[in-house]
Structures are given as C-alpha cells and as structure tokens.
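Novice: Dumping the structure here so I can ask a few things about it.
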Amino acid sequence: MPERETIQHELTTYAALAHMFAEDASVAEKIEWAARLSAEALRSGGKILAVGNGGSCADAVHFCEELTGRYRDDRAPIAALACADAGHITCTANDYGYEHVFSRWVEALARPGDVVVALSTSGNSPNIARAVDAAKGRGTRVLTLLGKGGGKLAGSGDIEWIVPGDTADRIQELHMLVLHALVGAIERAVAS
C-alpha cells in the first residue's frame, strides 16, 4: 500500500472507531456520572489520582495537568496528581517489583472519598490491577479506562469505559477523548 493510502487508512480507522464509540449513549452518561463523583470528592477536600503505563502514563499526566493547570478557560486549579515520579517508580520497582509501583503510591496518597483513574489498554496490567485493589481498599472511587474487551480489569471500576480498537494507539486516542470530555465535565460540575 502506498504511504499516503496507509496514512489515510490510519485517519479513517480512528474516525470510524471514534464515531462508533461516541454513538454509544452510555459513554456520555458515564462521563457525567464520573464528573459528579469527582466533584463530590473535590468539594469534600479530596483529590483525583491517575495511573497508567507507558503512553497511558503520559495520558494520566496530561489529564491531571489539565485539571491542575487549565483546560479551555481560566478557573481555580483542581486537585489532581498522576503517578509519574521517576524516583518513586524506580525505587519501588527495584525494592518491591514493578507490579507494586502504582499500588504503593495509591496506598501512600489515596484517602477515602478520593477518585482514582486507572488506564490500561489491555486491561491486564498487573500493576494497574494492584492499584485498583489498593484504591478500593482505601475507600476511593475507581474509574477505569480499558481496551481489548477490558481484560482482567473488566468490571473492577465503579465506572468503566472499555473502548474499541485493536491497537494501543487507537485505544489511547479514545481514552484521551474520554479524559478531555471528563475534564470539561468536572470543571462544570465543580462550578455548579
């Protein structure tokens, strides 16, 4: 296939997946519900924590910086933190094993009523599964963004989105669509 056709295929594949995903009314309903849960946590002095591996870690960081910094309009910062500290990750991986890097972070920082956002394109990441378990043990609400049918994490979140797509990049793009919509909805929910 010539390069331009390959590129066009990439674009149309994403557009088709995004259209199919957006047509599911439950997606927006879950975003609205998640924003309300997050606003409740924030109003009571809580925070939003986010975890993910690789590109999903970058998505978690981007989501949190949209909350602490700004999204589209100026407003007060919103308490959010992604687990992306190299010192914590490498120390914990070295001392306890990589499967513990997010759960130990959640155990250290999550408080009852907080919201933990967990991203996994496969739904099978052991360190994300441990973080979800730790979050539940701490009395937090858990939002999961998953792919590939949800994997072992399917059903583990209070609210979950299992996005379509066969590859991590397409799944991450749809996760970011959810996260951006969620940031806007959290802003509106906090302001109301």
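Novice: Identify the single condition in (1) in a helix (DSSP H, G or I); (2) touching a strand residue (DSSP E or B) at 6+ places or on another chain (Cβ under 9 Å) that residue 144 does not satisfy, given that it satisfies every other one.
Specialist: The failed condition is (1).
Novice: Hey, can you tell me all the residues within segment 58-71 that are surrounded by fewer than 18 Cβ atoms within 10 Å (Cβ to Cβ), of a type in the set (Gly, Ala, Ser) and under 18 Å from residue 143 (Cβ atoms)?
Specialist: 58
Novice: While we're on this one: Which of the residues that make up segment 157-192 are part of a loop (DSSP other than H, G, I, E, B), closer than 18 Å to residue 56 by Cα and of a type in the set (Gly, Ala, Ser)?
Specialist: Result: 157, 165.
The rows are residues; the columns are (1) at pLDDT below 95; (2) part of a helix (DSSP H, G or I); (3) in contact with a helix residue (DSSP H, G or I) (Cβ under 8 Å, 6 or more places away or on another chain); (4) at positive phi.
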site	(1), (2), (3), (4)
103	no, yes, yes, no
106	no, yes, yes, no
118	no, no, yes, no
122	no, no, yes, no
129	no, yes, yes, no
133	no, yes, yes, no
155	no, no, no, yes
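Novice: Testing residue 74 on (1) crowded, with 18+ Cβ neighbours inside 10 Å; (2) in a loop (DSSP other than H, G, I, E, B), one condition comes back false. Which one is that?
Specialist: (1)
Novice: Looking only at residues that are under 21 Å from the mean Cα position of the chain (by Cα) and not small (Gly, Ala, Ser) in segment 87-103, which one is surrounded by the most Cβ atoms within 10 Å (Cβ to Cβ)?
Specialist: So, considering only residues that are under 21 Å from the mean Cα position of the chain (by Cα) and not small (Gly, Ala, Ser), the one surrounded by the most Cβ atoms within 10 Å (Cβ to Cβ) is 102.
Novice: Which of the residues spanning segment 50-71 are charged (D, E, K, R) and not in a helix (DSSP H, G or I)?
Specialist: Scanning segment 50-71 gives a single hit, 70.
Per-residue answers, yes or no, for (1) touching an Asp or Glu at 6+ places or on another chain (Cβ under 7 Å); (2) in contact (Cβ under 8 Å) with a residue 24 or more places away in the chain:
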| site | (1), (2) |
| --- | --- |
| 2 | no, no |
| 7 | no, no |
| 27 | no, yes |
| 52 | yes, yes |
| 57 | no, yes |
| 71 | yes, yes |
| 83 | no, yes |
| 90 | no, no |
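Novice: Quick one: in segment 1-49, of everything that is among the aliphatic types (A, V, I, L, M), exposed (fewer than 11 other Cβ atoms within 10 Å of the Cβ) and in a helix (DSSP H, G or I), which residue is nearest to the chain's Cα centre (by Cα)?
Specialist: 25
Novice: What number of residues within segment 118-143 satisfy the criterion of being surrounded by fewer than 24 Cβ atoms within 10 Å (Cβ to Cβ) and among the hydroxyl-bearing types (Ser, Thr, Tyr)?
Specialist: So the count comes out to 1.
Novice: Need pairs with beta-carbon distance below 7 Å; first residue under 19 Å from residue 34 (Cα atoms) and in contact (Cβ under 8 Å) with a residue 40 or more places away in the chain and within segment 165-183, second outside any helix (DSSP H, G or I) and not β-branched (Val, Ile, Thr); sequence gap 6+ or separate chains.
Specialist: If the second residue must be outside any helix (DSSP H, G or I) and not β-branched (Val, Ile, Thr), the pairs left are 174/165; 175/119; 175/145; 178/145; 178/161; 183/71.
The values are calculated or read from the model by the stated rules, or taken from the named source; none is laboratory data. Owing to the predicted nature of the structure, the values given are computational and were not obtained by experimental measurement. Positions of Cβ are generated from backbone atoms using ideal geometry, with glycine treated the same way; all protein chains shown enter the neighbour counts.
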